[in-house]
1. Look through the range A:167-221, keep the residues that are crowded, with 22+ Cβ neighbours inside 10 Å and more than 10 Å from chain B (Cβ to nearest Cβ), and return whichever of them is nearest to residue B:163 (Cα to Cα).
2. Restricting attention to the range B:92-143, which residues are aliphatic (A, V, I, L, M) and more than 14 Å from chain A (Cβ to nearest Cβ)?
3. State all residues of the range A:87-97 that are out of contact with any Pro (no Cβ under 9 Å at 6 or more places or on another chain) and free of Cβ contacts under 8 Å to residues at least 40 places away in the same chain; if no residue qualifies, say none.
4. For the range B:108-161: of the residues being of a type in the set (Lys, Arg) and in a helix (DSSP H, G or I), which is nearest to residue B:181 (Cα to Cα)?
5. In the range A:108-133, what residues are free of Cβ contacts under 8 Å to residues at least 24 places away in the same chain and not hydrophobic (A, V, I, L, M, F, W, C)?
6. Any residue in the range A:44-65 that is in a helix (DSSP H, G or I), within 13 Å of residue A:138 (Cα to Cα) and under 15 Å from the mean Cα position of the chain (by Cα)?
7. Cβ-Cβ below 6 Å, separation at least six or inter-chain, first residue in the range A:169-191 and without any contact (Cβ under 8 Å) to a residue 24 or more places away in the chain, second surrounded by 24 or more Cβ atoms within 10 Å (Cβ to Cβ) and aromatic (Phe, Trp, Tyr): which pairs?
8. Assuming residue B:206 fulfils every condition listed in (1) at the interface with chain A (Cβ under 10 Å from one of its Cβ atoms); (2) among the aromatic types (Phe, Trp, Tyr); (3) farther than 28 Å from residue A:77 by Cβ apart from one, which condition is it?
Amino acid sequence: MPEASSSTAPSGLSRRTFLTHTGVAAASLLLLTACPDPETPPVVTPTISLTGGDEGVLNYLFLLERVATELYAKVLATPPAELTAADLGVLRDIYRHNFIHRELLQLTMSANGFTANAGISAQSFDYASFTLTTRLGVLNAAQSLADLTVAAYCGAARLLSSGVLLRLFVKMMAVKARHAAALRDLRTPGSFAATDVVPQTGAEAGLNQVLTPAEVLAELSKFTSPVQLSVGSLPTS
Amino acid sequence: MNLLSFLEQLATADAAAHPTARRGALGQLAHTAAAALPAAVLGALLAQPATAQILGTGLDGLQLTLRVEWLQDEFYARVPASLVPAAMQADFTLIRAQQRQHIALLESYIRTSGGVLAARPSYDFTGGRGGTSQIFPDVFTNLDTLLLVAQVLEDLSVRTYAYALPLVASNNDQIDSLSRMFAVEGRHAAHLRQLRRQRGATVKHWISGAETALPTTTANVYAGEDRVLQQVAGLASRDVSTLLPTIGGITAAEIRAAATEAFDEPLTYDAATAIIQVFAY
């Protein structure tokens, strides 16, 4: 848990979500002033950096939730015909739960005086790395985001400093684990807690895979390209 | 009266453990100029869930989760191989192995936290506590009953970890490990529900409303799972049944169901203990 140094008391503008929009204007300025050769402009990566404290942690969870929810919205808008009624029921439920989590995270940030990150629109999320036209492709996509979310939650409980927010987080986390297991069982029956997500030997035996925010954001950045997601000043304990 | 200190007092007064403290705080409110309170604050107060505060120490959390893990370990140890299809047997073997890994870690945390490991109690999975008044008399002779009890125990485990996890928040090692065990228990619970679905039971992978699998009035493992008010800040709760848009032919009942499914509610220490005691004595 964070010590007093990472207190979450909102302190106004200084805690605003920090967005580096190094877009067209900044890039052209660099071209004019710093780049001697107009043929090879400098590579400028637009980046979203998370803030510190609970505001940063909630925004981290919010990003995960936005990417996941949008995937389900896309799939359910044009579901592959080979999805069974049971598959669709599960996917629709998970979509609804994620939608509720996403909205509640936003309300929670507002209730705590935090700024929700609006640096990227959901329409720009890119799921081209998935095949969303087959049953297997859809389940594969949903499973990989669900397992990623569970691993992210496993690494994020220690980051929250507010007891109220930790209790809310815990309630959502259990359901995230249920989602991942349900999807895994649809795709490969009996794989709900297989060794790729729960090591069976060694010091981590019986413990769900855990990922740090840096690892999770690197994964998520594949869906937000060209915008890169950075841990910024997220707390580490 | 100092409103902030009053609010703090109210927030820490757990309704179950200290009903009088909470009543006292509310009594004091009656003596203040309630009309002068901003309506929003008052609304948040009235919406304040009675069970939002979780009382106990880190050691309480570790001991309680250990008792639940023991209960499950003992349950799977007693499952008769002849009753269970081979594929399901493999699932049970995996689940039990992971639970025993949790037990080893929880026991080591309890020792290093200065706690004493109790002896394991006696178990009776008929719910009869060694007597003849049984709730699940065919638990080890009827596969459907066996799966129902297994599901109840897994959901009990999830709700117990949800209670315990915030209690170990000051210890990074313990909160990391408990989170990771909690996630595994969530996976187990969803799988048991999947196994029951395959056998025709009308059940989802997530707890939908206050289900009634454990038919005793004193210990229902699903009590409180129909909650839709979630606390989002010290003084604020939100009704999560208002967050889904009413489009696409979704019914009011479906919206409410989703709102309850999206959150697994922690059990209180006393509620979890009462459920453990249905099977342990």
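1. Result: A:213.
2. B:110, B:116, B:117, B:118, B:119, B:135, B:139, B:143
3. If the condition is that a residue be out of contact with any Pro (no Cβ under 9 Å at 6 or more places or on another chain) and free of Cβ contacts under 8 Å to residues at least 40 places away in the same chain, then A:89, A:92, A:93, A:95, A:96 are the ones that fit.
4. Applying the filter and picking the extreme gives B:159.
5. Correct list: A:110, A:121, A:123, A:131.
6. no
7. A:171/B:263; A:173/A:153; A:178/B:206; A:181/A:192; A:185/A:192
8. That leaves (3) as the condition not met.
The values are calculated or read from the model by the stated rules, or taken from the named source; none is laboratory data. All figures in this text were calculated on a predicted structure; none of them were measured in a lab. As a convention, Cβ positions derive from the backbone with ideal geometry for all residues, glycine included, and neighbour counts pool all protein chains shown.
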